[in-house]
Amino acid sequence: MAEAVAKVARRINATVEEGKDSVDLSKCMLASFPDGVFKVLRTVTENIRVITLADNEMKVVSSKFFTTFTQLRELDLQGNVLTKLPDSVSEMKHLTSINLANNKFSIFPDKLTEIATLERIDLQGNSLTGKKELLMYPLCEKGTYLHISVFLSFKFSSTEVPLEKLSDMPSLKWLNVKSNPLDSNTKSALQSPHKFDILSTAES
């Protein structure tokens, strides 16, 4: 852990001292973006264009991250354990590429479709199914002599790839959803002609 902390410090100091427009914190064993980094970079956040956080252990990216690095063009979050993004990601005005490959997304991060500048979305190797899952909830009724457990089915969760919203994105050129457990209907829809390139075959 001490080695990982030292690695983060070295890389952040290099960004500040050398006036770089990128931050590389890949393979630093991060569970989240360190609060201390926000403080160190506070004078140069407007200059940061590329951030790499690949191959860490991140479960969440905070809203603060997206409201701080407002000039980002490229964001690499591949190889973490993310399941969702905060709504504030939609406020990115300059983001052109986001790599979310090999995470734990089961639902397409819908807010990405609101980023007008976004050209590339990589969601390869996640858990997108394209199915509607029936969620089961237990309801227990206890009596003096009787204990009955009843399962009620009352909520649906959609994990479909929002092709209509994606098609409305003015800058989107490329979408990668390979190696996801997509159902046959979703695969078929992805194979239809679109104005952007879609990678969905092979292992998808």
Could you let me know the centre-to-centre spacing of the stretch 93-122 and the stretch 1-57, using Cα atoms, in angstrom? 21 Å
Label-point separation (nm) for residue 46 and residue 199, each offset 7 Å from Cα along Cα-to-Cβ? 3.6 nm
Mind checking which aspartates and glutamates have their Cα closer than 19 Å to the Cα of residue 93? Skip sequence neighbours fewer than 8 apart in that chain. 21, 46, 74, 76, 110, 114, 119, 122, 168
Which of 20/195; 7/111; 104/173; 59/111; 64/195; 7/173 exceed 29 Å between C-alpha atoms? The answer is 20/195; 7/111; 64/195; 7/173
Run the quick spin-label model on residue 18 and residue 114: label points 7 Å from Cα toward the beta carbon, then report their separation in nm to one decimal. 3.6 nm
Net dipole in debye of the stretch 3-129 [+1 Lys, Arg Cβ; -1 Asp, Glu Cβ; about Cα centre; nearest 20]: 200 debye
In nanometres, what is the gap between the two model label sites at residue 183 and residue 74, each 7 Å from Cα along Cα-to-Cβ? 3.7 nm
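Since every read-out is calculated from the coordinates, none of them should be taken as a lab result. All values derive from a computational prediction rather than experimental measurement. No Cβ is skipped: glycine too gets one built from the backbone with ideal geometry, and neighbour counts run over all protein chains shown.
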